[in-house]
Amino acid sequence: MAFISSQTITNSARSLRLCRRCISTPPKFSHSAIHGSSAISPARTRFAPSPTGYLHLGSLRTALFNYLLAKRTGGQFLLRIEDTDKKRTVEGAEEGIFDALRWAGLQWDEGPLVGGEFGPYRQSERTELHRKHVDILLEEGHAYRCYCAPQRLEALALTRKNSGQSTDYDRYCLNSPPTTSTTEPHVVRLKVPVQYPPYHDLVYGTITSGARSHDHSIGAFEDPILLKSDGMPTYHLANVVDDHFMNITHVVRATEWMPSTPKHVHLYSCFGWTPPKFVHIGLLQDMRGRKLSKRTGDVFVSEFREKGYLPEALNNFVALMGWSHAGESDVLDMRKLVEQFSTDGLTTGNTKVEFGKLDFLQKQYVRNRVMEGSGDKEILGAVEARVRKEFGEKYSLYSQKRQLSLFVLADSTVA
Ligand code: GLU
């Protein structure tokens with residue numbers, strides 16, 4: 001259990017140094033390299049959404065790639081809810097995520113509702129562990145308490161912005177002792193290194209571009225906040241600590257998180273931990289190269305589901321975005337996706353989403369289901385809902401004959 005470690009800290013630590021040693025024990029799980037189809041070591045992957053809304057098509061793809069890598073290698077796929085930012089948490093979003101993932105067939109091996117050895121799987125239930133690790137960073141000089149009032153920070157940022165400079169922090173509180181009054185409102189900041197170390201990404205290769213951590217000439221330092229004034233950890237800290245204690249071997253996530261990765265790699269090194277493998281995947285865009293958003297049409301899994309798209313069609317559709325395979329056909333059900341998945345097939349860059357392909361795939365899967373005699377009810381239900389919506393109640397289904405004719409409709413048009 002992840003909290004065995006945290007418990008160990010509470011019970012046996014006489015000093016933070018001792019504490020650091022016990023909680024820095026490398027994960028039991030092997031972190032040996034897993035590359036593409038030659039993978040033999042089981043991968044432990046995680047999908048780590050924040051419960052801020054419905055599951056986006058791009059998030060379904062992230063979850064799917066994590067799932068496929070775990071299943072391809074005989075490993076585990078975890079679900080972790082990153083809910084430390086209470087202001088952004090939307091009521092019911094978590095349930096919506098569970099529901100959408102299950103509908104898509106991406107059942108997690110460990111996580112909320114199913115439990116597991118490395119829980120709890122909601123970050124907000126792990127804050128004790130996060131705070132202990134902030135203490136370690138403070139003690140070892142990798143982090144410092146910052147008492148600057150928001151007004152001071154705003155004024156600093158404004159002055160710098162007006163003179164065209166970086167708005168980063170000026171390390172005014174750098175030398176505040178780790179034990180200075182902890183009752184005064186403050187945050188804890190990470191002291192970034194002079195240069196972030198390069199890291200290796202399985203898709204993008206060696207990344208050095210995230211090396212900017214400060215601008216000495218004007219005394220501006222990135223020094224991101226690790227612990228907020230309300231005592232809650234930020235994404236950087238919680239993400240790294242939890243990935244470590246959940247023995248995650250591969251972090252598969254969107255490229256929008258790439259700027260965070262150098263900070264994470266630095267945090268791993270402060271703790272003396274081996275980082276997981278990083279696998280960044282490009283963003284989904286509309287045909288004009290804009291980020292796929294509500295503005296440009298349907299983007300949530302629930303919307304495609306309501307329209308009657310089948311989960312296998314949607315999975316197949318998103319799997320083909322930014323991933324290429326050696327097979328002859330693009331029609332790949334979950335079994336084939338698992339068989340063929342390899343991180344070697346992931347491509348760099350963003351992907352333009354062409355929805356015609358989804359309709360093509362839907363047609364294939366509707367035909368398959370009808371031929372196999374499976375899922376008739378679901379297909380008919382979807383077609384009926386669509387017909388009702390388009391033409392009103394008078395066209396609702398009431399006879400066997402009409403239902404049969406809808407099979408034809410499903411097979412040829414709606415699909
Ligand atoms: N909570 C982040 C998100 O909402 C997780 C990013 C990551 O996978 O590290 O996507």
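FYI, it's all coordinate maths here, none of it is from the lab. These figures come from a predicted structure and were not determined experimentally. Don't worry about glycine lacking a Cβ; one is built from the backbone with ideal geometry, like all the others, and counts go over all protein chains shown.
List of remarks:
- Relative packing of 202-208, 122-128, 249-255, which averages over residues the other C-beta atoms within 10 Å, highest first: 249-255, 122-128, 202-208
- Extension gain from residue 287 to residue 360, taking 0.36 nm per residue of separation minus the Cα-Cα distance: 24.5 nm
- Ordering of 269-276, 239-246 by burial proxy (mean other Cβ atoms within 10 Å per residue, highest first): 239-246, 269-276
- With each label modelled as a point 7 angstrom along the Cα→C-beta vector, the residue 215-residue 163 pair spans 1.1 nm.
- Label-point separation in nm, residue 99 to residue 388, each point 7 Å along Cα→Cβ: 1.6
- Excluding same-chain neighbours fewer than eight residues apart, the aspartates and glutamates reachable from residue 86 by a Cα-Cα span under 15 Å are 94, 125, 230.
- Straightening the chain between residue 230 and residue 378 buys 48.5 nm, computed as 0.36 nm per residue apart minus the Cα-Cα spacing.
- Cα-based shape type of the range 32-127, given that a ≥ b ≥ c are square roots of the gyration tensor eigenvalues and the cut on a/c is 1.5: prolate
- Two-site label geometry, residue 139 and residue 176: point separation in nm, points 7 Å out along Cα→Cβ: 2.1
- Rounded, prolate or oblate (a/c below 1.5 giving rounded, otherwise prolate when a/b exceeds b/c) for the range 43-191 by Cα gyration tensor: prolate
- Each peptide among 228-235, 319-326 gets the average number of other Cβ atoms lying within 10 Å of its residues, and from highest to lowest they stand as 319-326, 228-235.
- Taking 0.36 nm per residue of separation and subtracting the Cα-Cα distance, full extension of the segment from residue 348 to residue 335 would add 2.2 nm.
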